[in-house]
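Please read the structure below before turning to the comments.
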Amino acid sequence: MRKTLYEGKFIRLMDDDGWEFADRVVGDGVVCIVAIDDGHVILVEEFRRAVQAPVISLPAGLIDRAEAGRTQETAIEAAVRELREETGYTARRIEQVASGPISAGMTTERLTFFLAQDLVAGPSEPDESEDIKVHRVPLERLSGWLAECTARGAEIDPKIFAGLYFAKP
């Protein structure tokens, strides 16, 4: 039997017959966007309090749940919105390429990858709580660039490597 151990503003901790896990209070899953532009991948960098370090990752964010005055957002709508908000880019072509549990032993959250191509640059529109740096990195330099980021103390989100699987021609 499932019971709530704790509920905060963003997460709740659950127990299901002794198995503890996290459930997101807000959002209906996560989108992750593999944005490829003329041989470059678009990455973002943001300080993350949970790991106390800047984290290099693919653009990503929550799928908004229906609330008063707002309908349920679809995964593709969230991907388009998050790409624009975090990076300023819009994609003329975007497709869902994979979906599944992000950490099945720890959370109920599901992750959906999108491949965004044929990008058009524009101004970013981050949430007021976000301080995001956008990086346009040549794919052939990615390994070295990530090593440089690690050397300066940044953490690398492994979803980058999973996402790049879908960027292969």
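The values are calculated or read from the model by the stated rules, or taken from the named source; none is laboratory data. Just so we're clear, the structure is a prediction, and the values are computed from it rather than from any experiment. Heads up, the Cβs are rebuilt from the backbone with ideal geometry, glycines too, and the neighbour counts pull from every protein chain shown.
Numbers below:
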quantity	calculated
Residue satisfying condition, being at pLDDT 95 or above, among the charged types (D, E, K, R) and more than 17 Å from Ala162 (Cβ to Cβ), within set Arg92, Arg70	Arg92
Residue check for Ala147: part of a loop (DSSP other than H, G, I, E, B), among the hydrophobic types (A, V, I, L, M, F, W, C), free of Cβ contacts under 8 Å to residues at least 60 places away in the same chain and exposed (fewer than 15 other Cβ atoms within 10 Å of the Cβ)	no
Every pair of residues 6+ apart whose Cβ atoms lie under 9 Å, when the first sits in the stretch 15-39 and is on the phi > 0 side of the Ramachandran plot and loosely packed, with under 13 Cβ neighbours inside 10 Å while the second is outside any strand (DSSP E or B) and not charged (D, E, K, R)	Asp17/Met1; Gly39/Leu139
Test: residue in the stretch 126-140 that is in contact (Cβ under 8 Å) with a residue 24 or more places away in the chain, within 17 Å of Val34 (Cα to Cα) and of a type in the set (Asp, Glu)	yes
Considering residues of the stretch 1-27 that are farther than 21 Å from Asp157 by Cα and acidic (Asp, Glu) only, the residue farthest from the chain's Cα centre (by Cα)	Asp17
Options Gly18, Gly69: the member that is farther than 22 Å from Gly105 by Cα and of a type in the set (Gly, Ala, Ser)	Gly69
Condition met for Leu83 (touching a Lys or Arg at 6+ places or on another chain (Cβ under 8 Å), under 22 Å from Leu164 (Cα atoms) and of a type outside the set (S, T, N, Q))	no
Single condition Ser124 does not satisfy, out of (1) farther than 15 Å from Val44 by Cα; (2) in contact with a helix residue (DSSP H, G or I) (Cβ under 8 Å, 6 or more places away or on another chain); (3) among the polar types (S, T, N, Q)	(1)
Flag if Glu73 is touching a residue at least 12 places away in the same chain (Cβ under 8 Å), out of contact with any strand residue (DSSP E or B) (no Cβ under 7 Å at 6 or more places or on another chain) and closer than 22 Å to Val25 by Cβ	yes
Residues of the stretch 46-67 that turn out to be at pLDDT 90 or above and surrounded by fewer than 16 Cβ atoms within 10 Å (Cβ to Cβ), as a count	8
Residues satisfying the stated conditions in the stretch 150-165, i.e. of a type in the set (A, V, I, L, M) and free of Cβ contacts under 8 Å to residues at least 40 places away in the same chain	Ala151
